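Taking it in order: structure first as structure tokens, then the write-up.
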Amino acid sequence: MDATAKETPAANLFQLASLKRKRRWSENLIELSLLFVGFLTIFITISIVIVLGDQALLFFNDPAVTLKEFFTETKWQPQIGDFGIWALVSATLTTSAIAILVAVPLGLSAAVYLSEYATPRTRSFLKPILEVLAGIPTVVYGYFALLFVTPILQPIFGTEKMGVYNMLSAGIVMGIMILPLISSMSEDALSAVPRSLREAAYAMGATPLEASTQVVFPAALSGIGAAVIVGISRAVGETMIVAIAAGAGPNFSFNPLDAAETMTGHIARISGGDLPYGTVDYTSLFAIALMLFLVTLVLNLVSQWVVSKFREQYE
């Protein structure tokens, strides 16, 4: 008995040593690959900023361009020397805001239903159908907004107030386009919440709706916030829908019934022509692209700050 008792600790140590995690070459390769992808992403992002900044600097070095006019004026006509970027920014913000107002409530409602209420069979049937919307080409969405949504909205608002091209129909269809993205990412975040939190809420007498809105939703707020941020970035950077349905002329207006051209729509329209290299029209495209990058960055930072501040209530 004494000999057995003395040998037991040594046997345990041998077992612990044998259970020690062994390093494998495949794991090292995966880690190196992930590290390379991370550095490659950073390198590409910095390269994009450098290229945009270099070409935009040529635009701002032009004697006819001033920073004050670029950031404060509301008329954009480079051909006649008007460089007010707000004519394009206003349309970008308006269409993006409409898209978010459409996509976020509908997307989150669909995500909550699929995660908390739908049966596994219903979820397996509805989720793929919803995600089919994400695979439709954006040019199809653009003509859908122009030829289907606008004719429906015109009798409501009146043809004298709402023309064929307008920001409202473009924003609504943009919201439909990004709805599957927000819904799918939010549903994954809600499904990742531990089942124990739901059971604890039910044990306290909460209804399924109360458990979803007061327990599960706050617990998944980080993932939901990421879904909304990705949706905002997707809406701000959308091109074909606004190029087809919103209008083809810079117009400083926040009225969704007006026709106006977004930054991406203007870049798509102007870059399709034969612009001589180094001209003001050519370099202005890079200034607009840099401004679009900054707008997207600011919106993402603000969204992340709002989500982080809201999450503090549940830590």
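The values are calculated or read from the model by the stated rules, or taken from the named source; none is laboratory data. Values in this document were obtained by computation on a predicted structure and should not be read as measured data. Here Cβ is always computed from backbone atoms with ideal geometry, including for glycine, and neighbour counts include all displayed protein chains.
Couple of notes before you dig in:
- Cβ pairs under 8 Å, 6+ apart, first in the range 219-245 and without any contact (Cβ under 8 Å) to a residue 60 or more places away in the chain, second assigned to a loop (DSSP other than H, G, I, E, B) and aliphatic (A, V, I, L, M): Ala220/Ala192; Ala220/Val193; Gly223/Ala192
- Residue list for the range 170-212, filter: touching an Asp or Glu at 6+ places or on another chain (Cβ under 6 Å) and of a type outside the set (Ser, Thr, Tyr): Met174, Pro180
- Those helices (runs of 4 or more DSSP H) lying entirely in the range 159-225 with at least 2 residues modelled with pLDDT of 85 or more and touching a Lys or Arg at 6+ places or on another chain (Cβ under 7 Å): 167-191
- Those residues of the range 203-215 which are in contact with a helix residue (DSSP H, G or I) (Cβ under 6 Å, 6 or more places away or on another chain) and without any contact (Cβ under 8 Å) to a residue 40 or more places away in the chain, in sequence order: Val215
- Residue within the range 118-129 that is of a type in the set (Phe, Trp, Tyr) and under 30 Å from Thr283 (Cβ atoms) present: no
- Complete set of residues in the range 207-232 that are small (Gly, Ala, Ser) and more than 20 Å from Val140 (Cα to Cα): Ala211, Ser212, Ala219, Ala220, Ser222, Gly223, Gly225, Ala226, Ala227
- Qualifying residue in the range 166-187 (condition: surrounded by fewer than 17 Cβ atoms within 10 Å (Cβ to Cβ), over 27 Å from Phe125 (Cα atoms) and not hydrophobic (A, V, I, L, M, F, W, C)): no
- Selected residue (criterion: nearest to Phe217 (Cα to Cα)) from residues of the range 110-157 that are within 18 Å of the chain's Cα centre (by Cα) and small (Gly, Ala, Ser): Ala111
- Of all the numbered requirements in (1) on the phi < 0 side of the Ramachandran plot; (2) at pLDDT below 90, Gly81 misses one, and that requirement is (1).
- Just one of (1) in contact with a helix residue (DSSP H, G or I) (Cβ under 7 Å, 6 or more places away or on another chain); (2) surrounded by 14 or more Cβ atoms within 10 Å (Cβ to Cβ) fails for Gln154. It is (1).
- The residue of the range 239-262 that is surrounded by the fewest Cβ atoms within 10 Å (Cβ to Cβ), among those that are under 17 Å from the mean Cα position of the chain (by Cα) and closer than 17 Å to Ala87 by Cα, is Thr239.
- All of Ala206, Ala201, Ala220 fail the test of being surrounded by 14 or more Cβ atoms within 10 Å (Cβ to Cβ), under 21 Å from the mean Cα position of the chain (by Cα) and either under 23 Å from Arg123 (Cα atoms) or among the small types (Gly, Ala, Ser) (or both), apart from Ala220.
- Options Ala103, Ala56; residue that is surrounded by 13 or more Cβ atoms within 10 Å (Cβ to Cβ), of a type in the set (A, V, I, L, M) and closer than 15 Å to Ile182 by Cα: Ala103
- Residues that are in contact (Cβ under 8 Å) with a residue 24 or more places away in the chain, in a helix (DSSP H, G or I) and not small (Gly, Ala, Ser), drawn from the range 261-284: Met263, Thr264, His266, Ile267, Arg269, Val280, Asp281, Thr283
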